[in-house]
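Read through the structure below, which is laid out as structure tokens, and then see the notes.
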Amino acid sequence: MNQLQLFLPCAAGVEDYLALEVLRITGLPPGCITKQRGGVAVRTSFAHAMLLNLYSRLAQRVLVLLSYTEYRAEPDLYRAASEVAWERWFTPLESIKVEITAQHSPLNSLNFAALKIKDAVCDRFRTVANGVRPDVNTQWPDVRIYAHLTTDSCSLYIDTSGEPLFKRGWREDKGDAPLKETLAAAMIAASGWLEGEGDLQPLYDPCCGSGTILIEAAQMACNLPAGGQRRFAFEKYLPFRKSDWVAIQKEANDAVSMPARSQKPIIFGSDVAHRMVDFAQHNATRAGVAGVIEFRGGDALQRLPPIDVTAHGGVMLLNPPYGERIDIGGVARAERPGRSQRGPSHGSGIHRPAGPQAATGTRYEDHAANSADEPTRGGRFGARELPHMDNGGDFFSQLATHWKKNYAGWTAWMLTPDLKLPGKMRLKESRRVPMWNGPIECRLFRFDMVAGSARTREAASPDPPKPDGSL
């Protein structure tokens, strides 16, 4: 198991950051890694597969490529799967599930293709295990087998992760359509907050929700492993050696570096919904970083900087709520034309529209489909600050004014699907990083805040440098 071909899928736009993360975790030379669209391939060992599961914050899974063949029809898929030595990885006592994805596949039914692959796996076990075959479990399988089809090729993988790696094991309290931990980690990586050898700058999320971005950042700063609070599929596989895994976990625990109790926090979060602040605090406690982050309630349009950054500057990193599923909270709600405030801001809730969008779990909605007159419902998670989408600017224009007045010296990074947001905020971005939130194309905009108008800021920095990879 020392010569495996791994594939680590990730969100589009994160490949460069994931490649650097893989090199850092494994210590491999760059020649062992190949960046691909939507992931990174790496030639390495089973031990490194365990390390990557434990430490990676950007990968969605760690897959092992077991077969790559050409195909034309379903019998070719059966043949390819039947030639894989599955018995080297697991026994027929483990349950299985086959999942399949495709790009331009000529096959009529992916479900039938997955069935043929499942049949091949089971038939091989009947042959090599005296007629015993694994059961199928579509909900909680021990073994996940992935097939990816192109026009003429089939790749078969076994998953070493189990549950997706964004499920760190600490988030139980969450709001509506929360940001995945993997994307939050990508935002932190793109911001460069952890880079350099000096002291970290203060970090602040004024729309923190359930605290995902800040908890990820705090765990990174304390060198806590991303998967330190969960189990992995590879623990049930035949190549797994308990002693090796215990040694890896001990090394990870020994490397944790928590700040002294007397040290004041430099990571801050606030949200207009006090219930969301409670959620964030509970999540931070489970994640082991409650003493590293300071959470408070407060409207993003009114909150002043949580710390003086005159000497070294500060970083704001936020993924503001977007769309009509979460109603406006705070000042932006009270001032919104044509809608009266329905009770206190922390009591306003989430409105889930009927239809397929309600089940997608995406954070953003089709802006053209929003209805300003739609009533809100009683609160389950609490309101969040949201833009007034009728003219695309109320919340964000007020936010920009507030930042220019009170946040001089801060650098703000904002993830949004609105590619025209800088114009609406009357701010000039110094960097824009393409990222995808599921199927939604987004940009992570960087704004360097200088007191005064946007013109004043542009005069202070007429030609900001743009790192490689930015647009």
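Selection of the range 410-430 for residues being in a loop (DSSP other than H, G, I, E, B), touching a strand residue (DSSP E or B) at 6+ places or on another chain (Cβ under 7 Å) and surrounded by fewer than 21 Cβ atoms within 10 Å (Cβ to Cβ) yields PRO417, LEU419, SER430. The residues of the range 278-314 that are of a type in the set (A, V, I, L, M) and either surrounded by fewer than 22 Cβ atoms within 10 Å (Cβ to Cβ) or over 23 Å from ALA400 (Cα atoms) (or both), listed by number, are ALA280, ALA284, ALA287, VAL289, ALA290, VAL292, ILE293, LEU301, LEU304, ILE307, VAL309, ALA311.
Table: residues versus (1) in a strand (DSSP E or B); (2) in contact with a Gly (Cβ under 6 Å, 6 or more places away or on another chain); (3) surrounded by fewer than 16 Cβ atoms within 10 Å (Cβ to Cβ).
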{"residue": "ARG24", "(1), (2), (3)": "no, no, yes"}
{"residue": "LEU28", "(1), (2), (3)": "no, no, no"}
{"residue": "GLY31", "(1), (2), (3)": "no, no, yes"}
{"residue": "LYS35", "(1), (2), (3)": "yes, no, yes"}
{"residue": "ALA41", "(1), (2), (3)": "yes, no, no"}
{"residue": "MET50", "(1), (2), (3)": "no, no, no"}
{"residue": "LEU58", "(1), (2), (3)": "no, no, no"}
{"residue": "ARG61", "(1), (2), (3)": "no, no, no"}
{"residue": "VAL64", "(1), (2), (3)": "yes, no, no"}
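Can you find, within the range 241-266, the residue that is farthest from the chain's Cα centre (by Cα) among those that are more than 25 Å from ILE215 (Cα to Cα), without any contact (Cβ under 8 Å) to a residue 12 or more places away in the chain and surrounded by 12 or more Cβ atoms within 10 Å (Cβ to Cβ)? Top of the filtered list is ARG241.
Output the number of residues of the range 206-223 satisfying the condition of being out of contact with any strand residue (DSSP E or B) (no Cβ under 8 Å at 6 or more places or on another chain), at pLDDT 95 or above and crowded, with 24+ Cβ neighbours inside 10 Å.
Total meeting the criteria: 3.
Looking at ASP468, ASP394, just one residue is under 30 Å from GLU15 (Cβ atoms) and at pLDDT below 95, and that residue is ASP468.
The values are calculated or read from the model by the stated rules, or taken from the named source; none is laboratory data. Note that this is a predicted model, so its numbers are computed, not measured. Positions of Cβ are backbone-derived with ideal geometry, glycine not excepted, and every protein chain shown enters the neighbour counts.
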